[in-house]
2 protein chains.
Amino acid sequence: MSPSTVSRALNDHPRISVETKRRVKEAAKELGYFAFGSARTLKTKRSMTVGVIVSDIRNPFFLDFLDGVERTLFPRRYKMLLATSNEDVEKEATYIKWLLEHDVDGIIVSPTCDKDGKTNINLLRKIKKTGIPVVLYDRVFEGFENEFDSVTIDNAGAILSAMKYLYTLGHKRIGIILASSNLYTIKKRYQGYLEACELFRLDCRNEDTLVLKSPLSEEMDAEIEDFIRKASFTALITTNHTITKKVYKSVKKLGMKIPNDLSVIGFDDVEENLFFDPPVTVIRQPVFQIGKTTAMLLLGRLDGEDLKPHRVVLNAELVKRKSAVPIE
Amino acid sequence: MSPSTVSRALNDHPRISVETKRRVKEAAKELGYFAFGSARTLKTKRSMTVGVIVSDIRNPFFLDFLDGVERTLFPRRYKMLLATSNEDVEKEATYIKWLLEHDVDGIIVSPTCDKDGKTNINLLRKIKKTGIPVVLYDRVFEGFENEFDSVTIDNAGAILSAMKYLYTLGHKRIGIILASSNLYTIKKRYQGYLEACELFRLDCRNEDTLVLKSPLSEEMDAEIEDFIRKASFTALITTNHTITKKVYKSVKKLGMKIPNDLSVIGFDDVEENLFFDPPVTVIRQPVFQIGKTTAMLLLGRLDGEDLKPHRVVLNAELVKRKSAVPIE
DNA sequence: ATGAAAGCGCTAACAG
DNA sequence: CTGTTAGCGCTTTCAT
């Protein structure tokens, strides 16, 4: 029997007799035969893999995100090559190149950005130009928002609604902690903060006592503690789950109480927020949905959609629990 | 210039002049050249990828685990093909086959097991026999503990030490919740429970009111609530983080208080445990270390170590916080 | 130090 | 419906 017949049998090619197919498959199973994927990829130019780059594998965000991606890729028989940049532009570049050399059919990435504003936008442009689809999620490149397919949330709007809620509760001096303030998401969240200040005529001129911009690091714990100790605010908004945890830790350490001494609104929801003391009022991103949508956009491209870039913006939701209360 | 010269230049082959190498690399960069990995793999029989199968991508366990794996693989230029079985033996088998067809150089897996005891042990055996190394982590196959390389923790010992702690605190009736009691880890934890009962002469004959074996599912919330309502125990041990959360939820719902009405010891530590009300006393697995060790074992095999199977057993640690107190 | 040539395992066009 | 053949892009002898 010729190789081509075998190939056709195994790939359920239409022009093959049912009987031959059966026999081939049986033999294959018996011999424990497995196709050598690289030969197939070499021939067909499709590896059936997509590169998934996360920005920090320790962030619980990626549990739901990856779940969303996997669930939409699996039925289409695409596999994930997982990479993590750890918010390091160089490492991200390394992985992008590696993924390319593994012949991925597409790339999903939340691009990072260092303190000098350096990104891998040019590398990603080049890749896109060679015909390998790229979908950004969580973050896009500032000033080039429409160049790539992307799935993000309305970050400014999310903070705005949190600010509105606090304002309604009577808070006039509201603080915010911005980690990694060079990131797109954080910039947008800060923008929402400023908009809200203007809209509700809140004082935010004395920035240092209301806005903490330190990057995520070891020293951040001390900075946050200091920030809260000198607090000139009655309510505080965080911009990710890690910071929420640090705020709870600091408040506890300072012998203060949430929400009596300080109202807090966290960012990113995880089930654990329910069990915090007190349960955290948070801005919840539809993380699973972000994963699904991102993967679907990519599949669309892989299926040959070739229109102008899709820019999907999902909405975050304010989940009211016990950490933010009316001011006395 | 011939293809072979280019190949040698790009791969830092020794027999090539410095000048030629420089020129080739320059040209490659300029043209945005990327090697076509599948052709290389086809020729060399090494894909530089390893398949990583997790049992449930939503479990926070895998954040630290994957971090550990990635950090040891990255410097060696191995990439991860990520798969998730969702505790489904069939899905696991599908992924194993897919990974094989992607020519992975090795596989890391925490094998799942359905309610009838069915596993993919035979499939994994076959793979090992073809020369592709397999390393198990978190779980091994009962009765075949020494057949594969593996990295686990001393599950029985972990529960035993928790029981000892509770016993020292004066607890005589201690309950335990076993989700998915067909899994290796859970069986071992139950075994530790029984050993402790014997050792400390605790009554555990009336199993139904002390041991809950229900599998993880939607209905489990109700079952746990029921279990706690009818509690004949003064202290309760859980066997994973999800259950810990459910216990906290149920206790709250029932209007009871931890630790006054019930002492609780959780399983698996996450930073959030610090902020629970009250902070959770837990058995902490060295998850990051499990990831590192698993990946290192695999790298060893990939480097040609070919001795008898390595069986690494790490120790868990009891982290004392506020959810378990002496009985009045 | 470089080039020529073969071949990895598969698929697809073409013939029959 | 099946077989023959060529070739995907790379690495690797072997020869020079």
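Assorted remarks:
- Search result, residues across segment A:277-294 that are within 12 Å of chain B (Cβ to nearest Cβ), surrounded by fewer than 23 Cβ atoms within 10 Å (Cβ to Cβ) and out of contact with any Asp or Glu (no Cβ under 6 Å at 6 or more places or on another chain): A:Pro278, A:Pro279
- Pairing residues of segment B:94-123 that are away from chain A (no Cβ under 13 Å) and farther than 12 Å from B:Val134 by Cβ with residues that are at pLDDT 95 or above and assigned to a helix (DSSP H, G or I), at Cβ distances under 6 Å and at least 6 apart in sequence or on separate chains, gives B:Thr112/B:Val89; B:Thr112/B:Glu92; B:Asp114/B:Val89; B:Lys118/B:Val89.
- Matching option when the condition is surrounded by 22 or more Cβ atoms within 10 Å (Cβ to Cβ), of a type in the set (Val, Ile, Thr) and touching a strand residue (DSSP E or B) at 6+ places or on another chain (Cβ under 9 Å), among B:Val312, B:Val247: B:Val247
- All strands (runs of 3 or more DSSP E) inside segment A:170-281 with 3 or more residues being farther than 20 Å from A:Cys113 by Cβ: A:235-237, A:263-267
- Filtered residue count, segment A:25-43, keeping only those that are of a type in the set (Lys, Arg) and away from DNA strand D (no atom under 13 Å from the Cβ): 1
- Criterion violated by B:Pro60 - all others in (1) at pLDDT below 95; (2) surrounded by fewer than 18 Cβ atoms within 10 Å (Cβ to Cβ) satisfied: (2)
- If the condition is being small (Gly, Ala, Ser) and either within 24 Å of A:Pro60 (Cβ to Cβ) or under 28 Å from the mean Cα position of the chain (by Cα) (or both), then segment B:221-270 contributes B:Ala222, B:Ala235, B:Ser250, B:Ser263, B:Gly266.
- Selected residue (criterion: nearest to A:Ala196 (Cα to Cα)) from residues of segment A:263-276 that are β-branched (Val, Ile, Thr) and more than 9 Å from every other protein chain (Cβ to nearest Cβ): A:Ile265
- Residue match in segment B:72-93 (condition: basic (Lys, Arg), under 22 Å from B:Asp268 (Cα atoms), within 10 Å of another protein chain (Cβ to nearest Cβ) and more than 16 Å from DNA strand C (Cβ to nearest atom)): no
- Inter-residue pairs, beta-carbon under 6 Å, first closer than 16 Å to A:Leu31 by Cβ and in segment A:3-16, second more than 6 Å from DNA strand D (Cβ to nearest atom) and not basic (Lys, Arg), 6+ apart: A:Val6/A:Val24; A:Ala9/A:Val24
- For segment B:231-262, the set of residues classified as closer than 14 Å to B:Ile283 by Cβ and away from every other protein chain (no Cβ under 11 Å) consists of B:Ala235, B:Leu236, B:Ile237, B:Thr238, B:Thr239, B:Asn240, B:Ile243, listed by residue number.
- Residues (more than 12 Å from DNA strand C (Cβ to nearest atom), more than 8 Å from chain A (Cβ to nearest Cβ) and in contact (Cβ under 8 Å) with a residue 12 or more places away in the chain) located in segment B:21-44: B:Lys25, B:Ala28
- Selected residue (criterion: farthest from DNA strand D (Cβ to nearest atom)) from residues of segment B:44-64 that are in a loop (DSSP other than H, G, I, E, B), closer than 30 Å to B:Leu183 by Cβ and polar (S, T, N, Q): B:Asn59
- Test: residue in segment A:69-76 that is touching a Phe, Trp or Tyr at 6+ places or on another chain (Cβ under 8 Å) and either more than 18 Å from A:Val313 (Cβ to Cβ) or not aliphatic (A, V, I, L, M) (or both): no
- Checked against (1) surrounded by 17 or more Cβ atoms within 10 Å (Cβ to Cβ); (2) of a type in the set (S, T, N, Q); (3) more than 30 Å from A:Leu81 (Cα to Cα), A:Thr20 passes all but a single condition, namely (1).
The values are calculated or read from the model by the stated rules, or taken from the named source; none is laboratory data. Quick caveat, the model's predicted, so the values are computed rather than measured. Note: ideal-geometry Cβ built from the backbone for every residue, glycine included; neighbour counts use all protein chains shown.
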